[in-house]
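The values are calculated or read from the model by the stated rules, or taken from the named source; none is laboratory data. Everything numeric in this text was worked out from a predicted model, so none of it was measured. Every residue, glycine as well, gets a Cβ built from its backbone with ideal geometry; the counts of neighbours run over all protein chains shown. When the accessible area is computed, the model is the full protein with side chains, heavy atoms only, and any ligands, DNA or RNA have been set aside. Shrake-Rupley method; radii C 1.70, N 1.55, O 1.52, S 1.80 Å.
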Amino acid sequence: MTKRHWHTRGAAAVAAALLLAGCSGGDGGSGGAKALGKAEVTSVLPDAKAVPGWRSVMKPDAQEPNPEFPPSVCLSVNKKKRATACDHITYWGASAYARKPDGTSLNFWTLAYKDEKSADAAYDALAEYYGGDRVGVGAVPVDIGDPGAEHVANRAGMGTMGGPATIAQVRVGTTVLGISTGTQGEKAVSDQEVKDFAAMFAERAQQAQNGEKPSSALPGQ
């Protein structure tokens, strides 16, 4: 995977919502990117203005993790890798959306770490868990362009909501970003839409780490 950033304009109760739709290692960097605080993690999460056409189910919200109860989206294949992914999170948050008429879901989550080295190691552990068939049997890769420093996405014809689903993961500096989509119907969220979500989300994370207020958003409908 090449390394560049996509430039454009400008959490507690999430376990079920984020995984309704039911991620490959990389070069960690030197740790020069900015670590984000709670308010910054909240600002990275796409709000309703960033995803026009989607109804808000859960507004962007971030919190400090409880050591006894890691974030619901922080999952890995074994205890050691789960510790790598979950034990070094400084803040995490999520936002969630839905679209009629078939209840299509769109979920975003951010895991923030103290430095790039920690985020890179966490990305590897999480990618091993979420990659491949985790989104559903017979999953295939989705081309989401080149957001962030590392990224991966997969689609399955049948996710946990019964219809097509996708899971994407992107690392931007000291953050690991997740996106999931799912539907009860037959019409999938298109690959282009997933690509656009990933690019916009990655740019918001980059803006925050640049000391800017995240403003990247999808075009209005």
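Would you say P219 is modelled with pLDDT of 95 or more and assigned to a loop (DSSP other than H, G, I, E, B)?
Against the criterion (modelled with pLDDT of 95 or more and assigned to a loop (DSSP other than H, G, I, E, B)), P219 does not qualify.
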So E40 fits all but one of (1) in a strand (DSSP E or B); (2) open to solvent by 30 Å² or more (accessible area, probe 1.4 Å); (3) touching a helix residue (DSSP H, G or I) at 6+ places or on another chain (Cβ under 6 Å); (4) not polar (S, T, N, Q); what number is the exception? (1)
Looking at Q184, Q209 in this structure, which one is closer than 16 Å to K34 by Cα and more than 13 Å from the chain's Cα centre (by Cα)? Q209
Of (1) at pLDDT 95 or above; (2) touching a helix residue (DSSP H, G or I) at 6+ places or on another chain (Cβ under 9 Å); (3) surrounded by 24 or more Cβ atoms within 10 Å (Cβ to Cβ), Q207 fails just (3)
Tally time: how many residues in the range 93-120 are over 16 Å from the mean Cα position of the chain (by Cα) and either of a type in the set (F, W, Y) or more than 19 Å from A168 (Cβ to Cβ) (or both)? 9
Consider the range 78-111. How many of its residues are open to solvent by 20 Å² or more (accessible area, probe 1.4 Å) and of a type outside the set (D, E, K, R)? 8
Options V57, V73, V51: the member that is among the aliphatic types (A, V, I, L, M) and open to solvent by 40 Å² or more (accessible area, probe 1.4 Å): V57
What pairs come out if I take residues in the range 133-161 that are under 14 Å from S180 (Cα atoms) and pair them with residues that are of a type in the set (K, R) whose C-beta lies under 7 Å away, six or more apart or interchain? V135/R155; A139/R155; V142/R155; I144/K195
